[in-house]
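Worksheet: one structure, shown below.
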Amino acid sequence: MGNSDALIFDPIRTPRGKGKTAGALHTIKPIDLVVGLIGELLGRHGDLDPAQIDDLVLGVVTPVGDQGMDIARIAALRAGLPDSVAGLQVNRFCASGLEAVNLAAQKVASGWEDLVLAGGVESMSRVPIGSDGGAWALDPETNYATSFVPQGISADLIATLEGFSRSDVDAYALRSQQRAAAAQAEGRFARSLVPVRDINDQIVLDRDEHIRAATTAEGLAGLQPAFAMIGEAGGFDAVALQKYHWLERIDHVHTAGNSSGIVDGAALVAVGSEQAGRELGLTPRARVLATAVSGADSTIMLTGPAPASHKALERAGLAVDDLDLIELNEAFAAVVLRFARELDVDLEKVNVNGGAIAMGHPLGATGAMLLGTLLDELERQDKRYGLATLCAAGGMGIATVIERL
């Protein structure tokens with residue numbers, strides 16, 4: 001088998017529903033979010049013979065309960081795909097959805113598989129984050145040996161080290177809300193957004209539910225720091241300061257308003273070879289030029305996107321300046337501000353339609369969603385090169401460089 005270009009044919013996603021029991025998608029099981037997207041993909045591409053699909057790869061960050069037991073294989077069966085379609089569930093924390101797509105691209109580029117559906121799902125209202133436990137957070141010995149702190153403390157540590165003030169991070173959060181609201185109003189998400197329907201085929205949700213168009217600077221400024229108490233009472237500030245000993249204290253600037261929202265959602269991307277596209281009547285919209293993962297210090301945790309992006313750009317033979325657009329997961333406002341400073345990139349290229357602060361971060365699905373948003377916007381602006389990147393727990397980063405065709 002020879003090497004092949006990994007092509008992106010179609011990225012689709014559900015809207016993001018508020019990740020609480022009152023959220024619009026709480027009554028929809030995660031498997032049904034995925035099955036709905038598979039049905040949509042087959043419906044959009046009438047010539048796509050499902051028997052030609054090699055694998056379904058799904059990122060899930062909390063793979064227990066409703067999301068347990070290799071949900072990808074079960075979703076393939078439930079969607080009525082042929083028995084020959086395999087299924088794989090992957091977990092690289094917040095990078096899982098993009099990791100799934102990157103794995104698909106690597107399978108295709110190796111020449112060993114021809115067509116893979118990849119993405120992710122996370123129903124955070126039904127399977128709360130942390131439900132799966134784990135030694136890193138719960139075993140004191142492992143905690144201590146790895147200088148573990150919760151992510152919010154890491155975000156505040158970044159802000160403290162970089163000198164980002166509360167007004168800096170709030171200003172970025174306001175920008176995210178305003179841009180997401182404008183993008184939604186203009187229908188910029190329409191091409192990839194698939195309404196979620198219930199068992200009676202009634203639409204349950206057809207727009208991102210978490211966007212708050214009425215957000216103001218004053219409203220954001222009035223919110224309490226979200227991680228000050230756990231930092232102090234939980235002793236996590238002390239753990240971080242033991243490692244970053246030159247700091248006097250940690251400045252707690254992140255709130256519910258400038259951190260990513262908790263939401264439910266799913267995404268799916270069809271990735272395949274040129275030959276598969278020709279045979280199945282699929283028009284390629286982008287080429288995956290390079291993928292990369294990296295690690296950084298796990299206490300500061302959220303600085304992985306910069307090294308991963310450098311690595312991917314080098315593989316792609318591109319410089320930062322060659323990039324037309326960047327989608328970076330807005331885990332916390334300070335993550336984006338630090339990334340822009342570290343790569344010396346103009347914020348005008350980054351998250352032009354808002355991000356997870358406004359729209360929410362459905363953990364296992366977000367990376368695949370970012371890729372779809374990136375591709376749609378490259379097309380809308382008639383631009384060529386894009387980068388999708390996320391930070392992930394444990395200090396990891398992931399990046400994917402694509403070229404619009």
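Tabulated data
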item	result
Average Cα contact separation per residue, the chain, under 8 Å, 6 or more apart, as relative contact order %	28
For the chain, the longest site-free run once chymotrypsin sites (Phe, Trp or Tyr not before Pro) in DSSP loop states with at most 12 other Cβ atoms within 10 Å are removed	247-405
Cα pair count fraction exceeding 20 Å, expressed as % - segment 157-260	55
Rounded to the nearest 20 debye, dipole of segment 1-116 from Cβ charges on Lys, Arg, Asp, Glu	720
GLU279/ASP83 FRET efficiency (R0 22 Å; Cβ-Cβ; nearest 0.05)	0.55
Separation of alpha-carbon centers, segment 1-37 and segment 357-405, rounded to whole Å	14
Those aspartates and glutamates that a straight Cα-Cα span of less than 15 Å connects to LYS383, excepting residues fewer than 8 apart in one chain	ASP321, ASP322, ASP324, GLU327, GLU348, GLU403
Rounded Å value of the spacing that divides the Cα centres of segment 56-133 and segment 184-209	22
Accessible carbon and sulfur surface of segment 294-405 relative to its total accessible area, %, 1.4 Å	43
Kirkwood hydrodynamic radius of segment 23-110, from inverse mean 1/r over distinct Cα pairs, in Å	13.7
Candidates ILE38, ILE203, ILE53, ranked by Gaussian network fluctuation over the chain, Cα under 10 Å, top entry	ILE203
Of ALA159, ALA358, ALA135, the one that fluctuates the most in a GNM where the chain has Cα springs shorter than 10 Å	ALA135
Cβ-defined net charge surrounding LEU81, 14 Å radius [Lys, Arg +1; Asp, Glu -1]	-3
The chain: most fluctuating residue of ASP47, ASP206, ASP198 per GNM, C-alpha cutoff 10 Å	ASP47
Within the chain: Cβ-based charge dipole about Cα centre, in debye rounded to nearest 20 (Lys, Arg +1; Asp, Glu -1)	400
Accessible area in square angstrom per residue, segment 187-322, 1.4 angstrom probe	50
Of all accessible heavy-atom area on segment 126-175, the percent that carbon and sulfur account for (1.4 Å)	59
Quotient of Cα Rg and 2.2 N^0.38 Å for the chain, N being how many residues it contains	0.93
Accessible surface of LYS20 - all protein chains present, 1.4 Å probe, nearest 10 Å²	120
Added length on full extension, which subtracts the Cα-Cα distance from 0.36 nm per residue, ALA135 to ALA238	35.1 nm
Paramagnetic reach from ASP206 in segment 31-52 [backbone N under 17 Å; point 7 Å along Cα→Cβ]	37, 40
Gained length - MET229 relative to GLU379, 0.36 nm times residue gap less alpha-carbon distance	49.5 nm
Proximal lysines relative to LYS18, as straight alpha-carbon distance under 30 Å, when same-chain residues fewer than 8 apart are discounted	LYS29, LYS349
Efficiency of FRET from Cβ geometry, ALA22 and SER110, R₀ 41 Å, rounded to 0.05	0.35
Inter-site label distance for ARG341 and ASP70 at 7 Å from Cα along Cβ, in nm	4.6
Estimated 222 nm signal from helices in the chain, with DSSP H stretches of n ≥ 4 weighted -39500 (n - 2.57), rounded to 500	-11000 deg cm²/dmol
Gained length - LEU405 relative to LYS29, 0.36 nm times residue gap less alpha-carbon distance	131.8 nm
Length-normalised contact order for segment 299-404 - Cα pairs under 8 Å, 6+ apart - percent	45
All aspartates and glutamates inside 13 Å of LYS107 as judged from Cα atoms, apart from same-chain residues fewer than 8 positions distant	ASP5, ASP54, ASP55, GLU99
Mean Kyte hydropathy of -1.0 or more with a Cα span along the axis of at least 24 Å, helices from DSSP in the chain	166-186
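The values are calculated or read from the model by the stated rules, or taken from the named source; none is laboratory data. These figures come from a predicted structure and were not determined experimentally. Reconstructed Cβ throughout: ideal geometry from the backbone, glycine too, with neighbour counts over all protein chains shown. Ligands, DNA and RNA are stripped out before the accessible areas are found, and what is left, the full protein with its side chains, is counted by its heavy atoms. Shrake-Rupley method; radii C 1.70, N 1.55, O 1.52, S 1.80 Å.
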